[in-house]
Structures are given as structure tokens and as C-alpha cells.
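> Take a look at this one; I'll ask things after.
The values are calculated or read from the model by the stated rules, or taken from the named source; none is laboratory data. Please read these numbers as outputs of a predicted model, since none were measured by experiment. Positions of Cβ are backbone-derived with ideal geometry, glycine not excepted, and every protein chain shown enters the neighbour counts.
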């Protein structure tokens, strides 16, 4: 089965200050892929490249098995997109906006659009430009879902929305995905939001992909260890050392991945001992990951 | 597809279209009424032609203004949305541009018809001195062509970023208006002579805006 999105060695430059370099990214078909990263890390740019809104300098992008931007019209007919900022005509009412969208998408499901309209409690006669931020977000999600896409690309769809609206939108999204097996590529800097729904995670920072792996693998096995008499060389360790900080003369804090019980024996065999083991949640793991990446000499992928 | 694009553009440009249609209808009628309001009610041919010619200046100005405003309104929703909607729709970009362009052209039709109707009505009601004739259809066709040219030029310019378009439109608009007014008023003004020779003289693209716009002529 082809992947929903495949990016290889992608290079993009915007002016002198920002570039995406050597980006390799794969979104498995049927997955919900969380795209994490701080503001300005390149998430929106990557999404625009995926959708053919921007042209890369080098590299290849395949979306739903088709090359982008070469086959953009074909691909975009199967992609539901919710951008970061409202992009719809503010003078059209919600109903007119739906009619506009329906005209361009042959797979548009009018019945379901009507049901979503009621679920989201939207007034169809209200102009889009006069809706609240949360209502605009709901309309954009409605439009993306009602076209019955094979892939949903969501760029911080819930950013700045209140928890009730956020929950409404995400539950509609999850309902759709569970019923239709669509793939989702969702960017956010709200770590906990992605933690609940995603099965894959990619982390961007400064135009580079820092990490890319299944969510379970990301969440499980990240530990913070307090090590006394820490060995200098950790090359033979059965776990990955992401970072180590000296606390004093005889103690260090290690951030490790792939930790399993019983691995304390590795320290014991080197005259060291583990004083404490702390589980990290996704947000802690994300923060530590970025910190490690930013310390790395050439911004290499750290996981 | 075209219908929804047209409807969206109508919402942006309806005030301009309505005002343009009213102005286009009123212009020929007012020009003839001005001519026949003389107390003797029997103007000499030369006087009448002079009055008609002075009103004629307003036709290219109206065409340029309506073309400009409809072109701006055509791209306005896309500029507001930073073109994200247009670029993410599942159709080739050239086709989207054509849809927008064609919808804008359709919205110019009421103004064209307004000029035609006003010119026909004015021709039917005018009392002409011997030797003069009315040319309502020729005037309306010329106005339609000028409107189409103005719209096409400003449509192309408006497709750029708002800032770029604003700068270019401001310069071009100012030059055209000054040049047309000066030309009609008989003032020797050489703002852009070389450019003017290429652009404004036949077969230049804007040649249609220059010369005499006469509803009544010999």
C-alpha cells in the first residue's frame, strides 16, 4: 500500500532567513500523523509544499501516490485542507460557502454537510466574515470533511479555540477517520491534543525534521535518569542517550530513549548507579527533544 | 462552477456594477439634454458637436473607472484569503484565473447595456440640426471594447500582491486620467510621450480610450 504522503530530500528556501533542508517524511496510509513543532519551525511551509501551494527547490513529494505539484488538481480533489488562517470569502454566508465548495468537489456529501452544520450549531445564513473564530474553524472543518477526502491536512486547526469547540471539531474528525479510514496530517504545537489522537508523530524545528516515529514509541521509553558516577562512554548502552547534563562532581542527568526495566545493570557493570528514573509525558519528551536537537552540532536528526 | 464564482464576485462588485450601469445609462441622455436645453432649442450643428464632444470625455473615464473597480473586486476575495483557497482548489490555476476573468466580464455587461440603452433612448429623443446623425450602437460598442480593455489590464495587474497592484494601478490610473482629461481639454501635456505613442496610439492597446467619443456626429 502506498503512503498517504512521501517526501524525499526536500529543499525549500524562503528568503535568507528560513529554509527547509533535506526533509524526508512519510505519512502511512490510514494513520493520524501529528506534526509537532514550535512556531516558525516550518510546519505550515511543509504543509504548503505538500499541497503544491509552494514550489520546492529540490526533492520529491508524493501525495496519495501522485507527484506534487505536477498532479495537484487530481490530488487536491481527494484532500481536505484546513489552513491556519481563515481563507474563505467573508461576504458569503455559511450556506453559500458550502455551495461554492460543493461546485468544485465531485465527492461532496450534502447530507452529511447538513448534519455537520447542525452538530456544529452553525447558522447557515450568517456571513463567514462575521463569525467568531471558533465558528470559522468549525466551518472550515465542515468543508474539509464534507468533501469526503482520502487525506485531511489540518494546519493548527484548533489553535486559539476554546476547549468546547476544540472537542467538537476533533470528535467530528475522529468520527470521520474511524468510519472512512482516511489519513490525517495534523500540525499543532498543542502537544496534549496530538497525544490523544495521533498514532504517528513528527517533530520539526528550524526547518528540519527532528524526529519521526509511531506515537507509542515516542511516548514510551523516554526517561530522565539521575546517574551517579556516570560512565564517560555510553556508546555500548542498550538504550539511546538523547542528552546528558552534569549536575555536580559525581552526578549527571541523562535523557534516554528505549529504556526498559533491568537496564540499570548496564550502569552497575560500569561502577555507576541509577538514583532515580522519571517517566516523561509527550510534552516533556517534546521539549527535551528540541533542546537536544538545538545542542546537536549540525542539527542532525536526533532520534 | 462558473455560477458560484460569478455569484461570489457579484457580492463584491454589485455596488460598482449598479452605479456603473446607472451612470452608463444616464451619460448619453444627459449629454443630449444638455445640448437641447438651449433657449432657442435649435442649436447650430457646430455648437451641438462641441457640447457632445465635451460630454464624450466621460465615456473613457467611466470605462476605465468601472474596469478598474470590477477588476479589483474580482481578485478581492482571493487577496483577503491570501490566495490559499484558489491554490488549494482541485483545478488548474489557469482555469481558475479564466473563471474569475469570465465572471468579471459578465459583470461588465450591465454597464455596457446601460450605455447602449441610454444612447438609443437619447438618440430617439434628440432633435438634430440638418446634417448630423446619431451613432448609439457605435458608441456602445466602443464603450464595451474600452471597458473590456480596461478590465483586462487591471485584472492582470490586480492579480499580483496588493502592494504591487496598488502601486502600478495608482501610477497607471493617474497617468490615464490626466492624459485623457488633458487631451480632451486640448492642453499640451507630454507626460509620457514615448510610452503614449506605443500604448495610446493605434494600434496600441489603449488607443480605444483616445479620440472623439461622439453620440452625435456628421
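> Anything in region A:195-204 that is surrounded by fewer than 22 Cβ atoms within 10 Å (Cβ to Cβ) and not in a loop (DSSP other than H, G, I, E, B)? List them, or say none.
Those that are surrounded by fewer than 22 Cβ atoms within 10 Å (Cβ to Cβ) and not in a loop (DSSP other than H, G, I, E, B): A:195, A:196, A:197.
> Right, something else. Output the residues belonging to region A:130-157 that are touching a residue at least 40 places away in the same chain (Cβ under 8 Å), more than 20 Å from residue A:47 (Cβ to Cβ) and outside any helix (DSSP H, G or I).
Within region A:130-157, A:148 is the sole residue that qualifies.
> Please determine whether any residue of region A:83-105 is without any contact (Cβ under 8 Å) to a residue 24 or more places away in the chain, away from chain B (no Cβ under 14 Å) and more than 29 Å from the chain's Cα centre (by Cα).
Checking region A:83-105: not a single residue is without any contact (Cβ under 8 Å) to a residue 24 or more places away in the chain, away from chain B (no Cβ under 14 Å) and more than 29 Å from the chain's Cα centre (by Cα).
> Hey, among A:202, A:181, A:207, A:160, which residue is touching a strand residue (DSSP E or B) at 6+ places or on another chain (Cβ under 9 Å), in contact (Cβ under 8 Å) with a residue 24 or more places away in the chain and on the phi > 0 side of the Ramachandran plot?
Just a single option satisfies the conditions, and that option is A:207.
> Quick one: residue B:109 ticks every box in (1) modelled with pLDDT of 95 or more; (2) surrounded by 15 or more Cβ atoms within 10 Å (Cβ to Cβ) bar one, so which box is it?
With respect to (1) modelled with pLDDT of 95 or more; (2) surrounded by 15 or more Cβ atoms within 10 Å (Cβ to Cβ), residue B:109 is out only on (2).
> I'm checking my understanding of the structure. Among residues of region A:214-250 that are loosely packed, with under 14 Cβ neighbours inside 10 Å and touching a strand residue (DSSP E or B) at 6+ places or on another chain (Cβ under 8 Å), which one is nearest to residue A:35 (Cα to Cα)?
Out of the qualifying residues, it is A:245.
> Could you check, for region A:109-125, whether at least one of its residues is touching a residue at least 60 places away in the same chain (Cβ under 8 Å), more than 14 Å from chain B (Cβ to nearest Cβ) and under 27 Å from residue B:2 (Cα atoms)?
no
> Hey, could you check region A:210-232 for residues that are in a strand (DSSP E or B), within 27 Å of residue A:269 (Cα to Cα) and free of Cβ contacts under 8 Å to residues at least 60 places away in the same chain and say which is nearest to the chain's Cα centre (by Cα)?
The residue in question is A:223.
> Among the residues in region A:132-139, are any touching a strand residue (DSSP E or B) at 6+ places or on another chain (Cβ under 7 Å), at pLDDT 90 or above and either more than 10 Å from chain B (Cβ to nearest Cβ) or surrounded by fewer than 18 Cβ atoms within 10 Å (Cβ to Cβ) (or both)?
Looking through region A:132-139, none of the residues is touching a strand residue (DSSP E or B) at 6+ places or on another chain (Cβ under 7 Å), at pLDDT 90 or above and either more than 10 Å from chain B (Cβ to nearest Cβ) or surrounded by fewer than 18 Cβ atoms within 10 Å (Cβ to Cβ) (or both).
> Test residue B:31 against the stated conditions and say whether it is touching a strand residue (DSSP E or B) at 6+ places or on another chain (Cβ under 7 Å) and surrounded by 15 or more Cβ atoms within 10 Å (Cβ to Cβ).
Taking the combined requirement at face value, the residue does not satisfy it.
> Moving on to the next point. Which one of these does residue A:70 not meet: (1) free of Cβ contacts under 8 Å to residues at least 12 places away in the same chain; (2) at the interface with chain B (Cβ under 8 Å from one of its Cβ atoms); (3) farther than 26 Å from residue A:161 by Cα?
For residue A:70, the failing item is (2).
> Now for a separate question. Please go through (1) in a loop (DSSP other than H, G, I, E, B); (2) more than 21 Å from the chain's Cα centre (by Cα); (3) buried (at least 19 other Cβ atoms within 10 Å of the Cβ) for residue A:121 and return the number of the only condition it doesn't satisfy.
For residue A:121, the exception is condition (3).
> Sticking with this one: For the list (1) modelled with pLDDT under 85; (2) over 27 Å from the mean Cα position of the chain (by Cα); (3) closer than 30 Å to residue A:199 by Cβ, I need the number of the one condition that residue A:235 fails.
Only one criterion is unmet by residue A:235, namely (3).
> Also, quick follow-up: Tell me, which helices (runs of 4 or more DSSP H) wholly within region B:37-122 include 3 or more residues that are more than 30 Å from residue A:63 (Cα to Cα)?
Of the helices (runs of 4 or more DSSP H) lying wholly inside region B:37-122, those with at least 3 residues that are more than 30 Å from residue A:63 (Cα to Cα) span B:45-56, B:58-80.
> In addition: Sort out which residues of region B:83-103 are within 12 Å of chain A (Cβ to nearest Cβ) and more than 17 Å from residue A:100 (Cβ to Cβ), and write them in order of number.
B:92, B:93, B:94
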